[in-house]
Amino acid sequence: LARLVEGRTVLVIAHSLSTVQRADQILVLEDGGLVEYGDHETLLAQSGRYRALYDLQFGLTPTVVKQ
C-alpha cells in the first residue's frame with residue numbers, strides 16, 4: 001500500500017487506527033465535525049479524542065473490575 005500511495009494525495013476513511021498511523025495528516029471527525037488534526041505522534045501527545053480512541057482500541061485503557 002505504501003508504494004501505491006507514494007507521491008499521491010489519498011483520502012482514507014478508517015475505523016482501525018493502525019490503518020492511518022503512518023499518514024502525514026490525520027483528521028479526527030466526531031458528530032460530523034472536525035475535532036482534531038495532525039500526525040499520529042502529535043495527536044497522541046495532545047491526549048484528546050484520537051488518544052482516547054487509540055488507547056481504547058489497543059487495550060491501553062485501564063479496566064475496572066467490580067467485586
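Nothing in this text is a laboratory measurement; each read-out follows from the coordinates by a stated rule. Nothing here was measured: the structure is a model prediction, and the numbers come from that model. Cβ atoms come from the backbone with ideal geometry, glycine included; neighbour counts cover every protein chain shown.
Which is the longest run of the chain containing none of the trypsin sites (Lys or Arg not before Pro) found in DSSP loop states (not H, G, I, E, B) with at most 13 other C-beta atoms within 10 Å? After excluding every exposed loop site, the longest remaining stretch is 23-65.
If you run the Gaussian network model on the chain, springs between alpha carbon atoms under 10 Å, then out of D31, D55, D39 the most flexible one is D31.
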